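Okay, structure first, notes after.
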């Protein structure tokens, strides 16, 4: 079985269990909606103010959503020691990581997709003209969040104080990614929207570097 | 599905294996030669190192010192894969999936040809065919154990590692397991199992090894001694 077929079988399992229980998506969507709605009522921002701090608020909400969503990824595999069963069954252990990464990215993108129209209405930010560019920024940013978060989730799942460890490791590592994502989003929210290729290039580099590192060393993350 | 005995014969060699968790030794200088096709019962009190030894044999845990080798030597990125079936304390199946979905998932990962057919036959064997669409979380402990055993047997492995496999099984289930193990043993599979006391399954053992505080304190192939090793563990 190739890496691709192992990954697709495992991704199917991830989607089936999540859509059956709806644990992650429900919690995350409710949380992220509360953040956006609360801020909107508290500050009642003008369009100009929304353009200035909207991108930061959005990515802050995505970050918290991701840290909620990523924590259970590998913890669930410890309940019945299913991670061991997977390690004994796959031909390439990277497939286990890759399937979780794909699932996390997908769940994060679904959450963002649900949030964006509400954000646009509440904060009076017109998004229709920049949908493809925004989708690109969201995809690259979410991929970076997921790669880093899934890796750290695998590390922290085997540690004591795991609930504390993940955000503690995740937040400093994600700072450059969040700055790049926020800057790229801010450029799209501006009066004259533009795609900032310098920040996009940074996001691509971040994703590629972390993915390569995990591909090379990911096997060790899964060892007991 | 069972291949010829010669093709299945795999031996294991533990050389001076140590396993430490912090400052605590789970295993200390364990050296064992398990011949291809042997059926070995490990006995010992809780915490004697049986589970750790089996997890090392499954290559799920790396030893702190020493070496585990297979004969014939296994190649590839994950040598244990495909050749090893492992039944652990935990069921190693997903509570949120049905019995059939669980087995199909692992059958597909293992690259078993016609996975649906194999899963159906195993579900019938373990007496869960009627409950194949029920979520595993709705099962009793014994039913979960049946699914766990079915998962480990999916690919009819050359090396079968069983950590107290009859836990939770009713007499019918224990008989079925014993029959299945007899068949696999006859087909040349090497079986390593940890047991507490004598049972239908312990009759299979051709060798008994007692562990105490992570070291091998007795190792016998003699029938009477073997029984005494197993009964000592249950005392």
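The values are calculated or read from the model by the stated rules, or taken from the named source; none is laboratory data. Model, not experiment: these values are computed from the prediction. Virtual Cβ from ideal backbone geometry, glycine too; neighbours counted across all protein chains shown.
Check the stretch B:172-184 and report whether any residue there is touching a residue at least 12 places away in the same chain (Cβ under 8 Å), within 14 Å of chain A (Cβ to nearest Cβ) and surrounded by fewer than 22 Cβ atoms within 10 Å (Cβ to Cβ). No, that holds for no residue. Which residues, taken from the stretch B:120-146, are over 19 Å from the mean Cα position of the chain (by Cα), within 14 Å of chain A (Cβ to nearest Cβ) and buried (at least 17 other Cβ atoms within 10 Å of the Cβ)? If the condition is that a residue be over 19 Å from the mean Cα position of the chain (by Cα), within 14 Å of chain A (Cβ to nearest Cβ) and buried (at least 17 other Cβ atoms within 10 Å of the Cβ), then B:136, B:139 are the ones that fit. Taking the listed residues B:148, B:174, the one that is in a helix (DSSP H, G or I), touching a strand residue (DSSP E or B) at 6+ places or on another chain (Cβ under 7 Å) and within 28 Å of residue B:34 (Cα to Cα) is B:148, with no other qualifying. Reported count of residues in the stretch B:22-47, each being at pLDDT 90 or above, over 17 Å from the mean Cα position of the chain (by Cα) and either closer than 19 Å to residue B:89 by Cα or not in a strand (DSSP E or B) (or both), is 2. Between A:143, A:98, A:134, A:152, the distinction of being over 13 Å from the mean Cα position of the chain (by Cα), assigned to a helix (DSSP H, G or I) and closer than 14 Å to residue A:210 by Cβ belongs to A:98 only. As for the stretch B:193-215, it holds at least one residue that is modelled with pLDDT of 90 or more, at positive phi and crowded, with 16+ Cβ neighbours inside 10 Å.
Among the residues of the stretch B:127-143, those identified as assigned to a helix (DSSP H, G or I) and closer than 22 Å to residue B:180 by Cβ are B:129, B:130, B:131, B:136, B:141, B:142, B:143. Considering only the stretch A:133-142, I want to know if a residue exists there that is at pLDDT 90 or above and either touching a strand residue (DSSP E or B) at 6+ places or on another chain (Cβ under 9 Å) or more than 30 Å from residue A:94 (Cβ to Cβ) (or both). Yes, that holds for at least one residue. Scanning the stretch B:151-171 for residues that are within 26 Å of residue B:10 (Cα to Cα) and not in a loop (DSSP other than H, G, I, E, B) turns up B:151, B:152, B:153, B:159, B:160, B:161, B:162, B:163. Quick check on residue B:188: is it more than 25 Å from residue B:224 (Cβ to Cβ), part of a loop (DSSP other than H, G, I, E, B) and more than 14 Å from the chain's Cα centre (by Cα)? So residue B:188 fits the description; yes.
When A:70, A:88 are screened for being under 18 Å from the mean Cα position of the chain (by Cα) and either more than 9 Å from chain B (Cβ to nearest Cβ) or over 26 Å from residue A:171 (Cα atoms) (or both), only A:70 passes. Within the option set A:38, A:24, being away from chain B (no Cβ under 11 Å), in a helix (DSSP H, G or I) and more than 30 Å from residue B:115 (Cβ to Cβ) holds for one residue only, A:38.
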